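Taking it in order: structure first as structure tokens, then the write-up.
Here, each number is a calculation from the coordinates, and none is a lab measurement. Note that this is a predicted model, so its numbers are computed, not measured. As a convention, Cβ positions derive from the backbone with ideal geometry for all residues, glycine included, and neighbour counts pool all protein chains shown.
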Amino acid sequence: MSGPIDVPVPPPLPSPGGGGSKPHGTEAPSPWVRRWSRLVPAGGAVLDVACGRGRHMRWFAAQGHPVTGVDRDHDAIDAVAGLSEAVLADIENGPWPFAGRTFAGVVVTNYLWRPLLPVIVQSVAPGGVLIYETFAAGNETVGKPSRPDFLLQPAELIDACRELRVIAYEDGFLEEPARFVQRIAAMRAIPGEVPQRHPLDSLTRA
């Protein structure tokens, strides 16, 4: 792909609790995803797991990446069908629809199904990056999700990404809306290649 294309990014929406919950994927792109999206090789294919209405598919498409989204919600897939590849699949109860495929970028936000963590990590191609952000232990003190099934335990993403090189990792609290999160950006090395230098203080890619 020769360069960015004109794909609109949705504007920020009111915070949860201020006017009812919003469908997953209609919020503004995550600042964490935006910050580390620069690690995805230029023109590389990006997979958005549990893509919702496609906020991150739109972000990456606007940066010139071919995008693939998967979700089990019919309305969500209908909303992103015009972007690129949109796959309707129940990835928790059915087969992984991307067996044998890898991606230059794999993005997961506000979603956790632990049996899939190894599959998600294995879907990162050599030279590619996993960008993952979701709720963490402690969130039960401020709201939902509150069940341990949906909350990462301390260092859980670090453990899941042992075969990758961790570029950035955070586990803490964010305001507006109040929530505990854990997030990681981790790359799969290219065998035999000299490690690349990834500045930690770079600004978010606009």
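Using a Gaussian network model of the chain with C-alpha springs under 10 Å, which one of Thr141, Thr26, Thr102 is most mobile by mean-square fluctuation?
Answer for the Gaussian network model of the chain: Thr141.
Relative contact order, percent, of segment 102-206 when contacts are C-alpha pairs under 8 Å separated by at least 6 residues?
Across segment 102-206, relative contact order equals 28 percent.
To make sure I understand, if each residue's beta carbon is the centre and we count other beta carbons within 10 Å, what order do Glu133, Glu176, Glu140, Glu163 fall in, fewest to most? Write down the numbers at each step before the final one.
On the way: Glu133 23, Glu176 8, Glu140 15, Glu163 12.
Least to most surrounded, the residues fall as Glu176, Glu163, Glu140, Glu133.
Which of the trypsin sites (Lys or Arg not before Pro) found in segment 55-89 are loop residues per DSSP with 16 or fewer other Cβ atoms within 10 Å of their Cβ?
Values: sites: Arg55, Arg58, Arg72; in loops: Arg72.
Sparse-neighbourhood loop trypsin sites (Lys or Arg not before Pro): Arg72.
Taking every DSSP beta bridge with both residues inside the chain, roughly what % is antiparallel (nearest 5)?
Numbers: 16 of 35 bridges.
Around 45 percent antiparallel, to the nearest 5.
Taking the mean number of other Cβ atoms within 10 Å as a proxy for protection, how do you rank 150-158, 122-130 from highest to lowest?
In decreasing order of mean packing, 150-158, 122-130 become 122-130, 150-158.
Taking a cut-off of 21 Å, what percent of all Cα-Cα pairs in the chain are separated by more than that?
Numbers: 10888 of 21115 pairs.
More than 21 Å apart: 52 percent of the Cα pairs in the chain.
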